[in-house]
Amino acid sequence: MKSATKETKKLAYIDEDILFLILKLIDYPYGEQKSFDFEEIQFFNFKKPALLYVFQTISQINSAYGIQLKQFEFDRYGLFYADKKGIKEHLYQMCHPDPLQKYTSVKRIIENKFTLTDLEEVFQKQEKISAVLFSGVNFKITMTEKARNGLHSFIKSYAKAFSEDNLQKVNIAYLNFSDHEAIFEKRARTDYEKYGEGLVLKDFEFGEDFRLLDCMLALEENSDVKINSLGSEKNARDESRFFVSIDLQKKFLKKIGMKAVKRKVAPTCFIKEKIGFLQIAGEVAIKIGGKDTQKFKLLECLVKNFGDGRNIDAVYVDIRKEPLNISTVNFGKQLNHTERFNFVKNTRGELQRDKKLKDFQFKIDKKQNIIFMTFR
């Protein structure tokens, strides 16, 4: 993401789907190094069709900072390509013959001999077929430390500009920051009396012109809130909604005339000699098991967002036994939501059966979309 100097150019407003993608790629707010499959990113529950702008964003990040990209594959034999014989024949005819070599990159993709450069060539020059080809493409994305640090600095600058209403004007309606603040403060007063400083906010609760992610980033930059986690989920109409888990900070509570209340300190997880432990304030650490076991990985996920919901599909990605298989033969074979839910539910059962964890509850909502951990 290229940002011009303050003297010459304002930062541009970022589409909320792209902002969400950047935050997920850098594992905001934790900042751990993560690897993703390009095909897997399509399941991040974006609000709009994501394929091409996801690729464009990844290409721009790579150009600006450099990221690790490998294991490029095109699904020649799987469900995508086998069911589209007309498209397959059309692409073949484009490439054979090709005396002017206009479709060299297309040919390399179809023959599974391509790189990011070929994908960028098709994206820029073959707009009509890029969506078709990219639907059958997969590759591994690993964020480098340089990219994570660079994007984190960019997000801080963006949040500051949003809080100062200092972004470039765009043809997208959204509230100025003072209106965002007023709406949020009203909501925070009401929710604080019911739930305390830890809140889970969903964008559809605030109206179309309210930008939840932008607003929370700006408030965090101003030290009014602390973001614990963020995600996206689908409602009953299959519409995607963003949610953010936050803690209200003392400075903000004072500003809105609320007093901080002492509450139980949330537990933490740590690893020692490849063994995972749960630490409760003032007590002896509880041994859970190997650091790479699904049981400990799930506990780690839930402790990071203690008391707040985590999307089950997102939890599955964090605790699964191994990265999604992207070999040509098995391309596209990944668990659907029900299978992911059962995987997480079964792992939750291991935590529930552990008598050392009897002081905690591990709950799943009625719609089977959210899992969370609380004190009993």
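Does Asp209 satisfy being assigned to a strand (DSSP E or B), without any contact (Cβ under 8 Å) to a residue 60 or more places away in the chain, of a type in the set (D, E, K, R) and on the phi < 0 side of the Ramachandran plot?
No: the conditions fail for Asp209.
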> Are there any helices (runs of 4 or more DSSP H) wholly within the stretch 41-135 with 3 or more residues that are in contact with a helix residue (DSSP H, G or I) (Cβ under 8 Å, 6 or more places away or on another chain), among the polar types (S, T, N, Q) and modelled with pLDDT of 85 or more, and if so which?
Replying inline: 51-65
> Taking the condition within 18 Å of the chain's Cα centre (by Cα) and in contact (Cβ under 8 Å) with a residue 12 or more places away in the chain, does Leu253 pass?
Replying inline: no
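Mind checking which residues of the stretch 153-167 are more than 24 Å from Gln42 (Cβ to Cβ) and in a helix (DSSP H, G or I)?
Passing the criteria: Ser153, Lys156, Ser157, Tyr158, Ala159, Lys160, Ala161, Phe162, Ser163.
Regarding Leu335, is this residue part of a loop (DSSP other than H, G, I, E, B) and either at pLDDT 90 or above or surrounded by 13 or more Cβ atoms within 10 Å (Cβ to Cβ) (or both)?
When the stated conditions are applied, Leu335 passes them.
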>> Among (1) farther than 29 Å from Pro49 by Cα; (2) exposed (fewer than 15 other Cβ atoms within 10 Å of the Cβ), there is one condition Leu248 misses while meeting the rest; what is its number?
In response: (2)
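A quick yes/no check of all residues on (1) free of Cβ contacts under 8 Å to residues at least 24 places away in the same chain; (2) surrounded by fewer than 22 Cβ atoms within 10 Å (Cβ to Cβ); (3) farther than 21 Å from Gln33 by Cβ:
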| residue | (1), (2), (3) |
| --- | --- |
| Glu283 | yes, yes, yes |
| Ile286 | no, yes, yes |
| Gly289 | yes, yes, yes |
| Leu299 | no, no, no |
| Asp318 | yes, yes, no |
> Does Phe242 meet the test of being outside any helix (DSSP H, G or I) and touching a His at 6+ places or on another chain (Cβ under 8 Å)?
Replying inline: no
> Is there any pair linking a residue in the stretch 124-140 that is under 22 Å from Asp37 (Cβ atoms) and without any contact (Cβ under 8 Å) to a residue 24 or more places away in the chain to one that is hydroxyl-bearing (Ser, Thr, Tyr) and in a helix (DSSP H, G or I), with Cβ under 7 Å and at least six apart or on different chains, and which?
Replying inline: none
> more than 20 Å from the chain's Cα centre (by Cα) and free of Cβ contacts under 8 Å to residues at least 40 places away in the same chain - does that describe any residue in the stretch 237-245?
Replying inline: yes
> Is there a residue in the stretch 255-268 that is basic (Lys, Arg), modelled with pLDDT of 90 or more and assigned to a helix (DSSP H, G or I)?
Replying inline: yes
>> Looking only at the stretch 269-289, count every residue that is under 26 Å from the mean Cα position of the chain (by Cα) and either over 18 Å from Gln361 (Cα atoms) or in a loop (DSSP other than H, G, I, E, B) (or both) and tell me the total.
In response: 3
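The values are calculated or read from the model by the stated rules, or taken from the named source; none is laboratory data. This one's a predicted model, so the numbers in the text were calculated from it and none came from an experiment. Please note: Cβ atoms are built from the backbone with ideal geometry, for glycine as well, and neighbour counts cover all protein chains shown.
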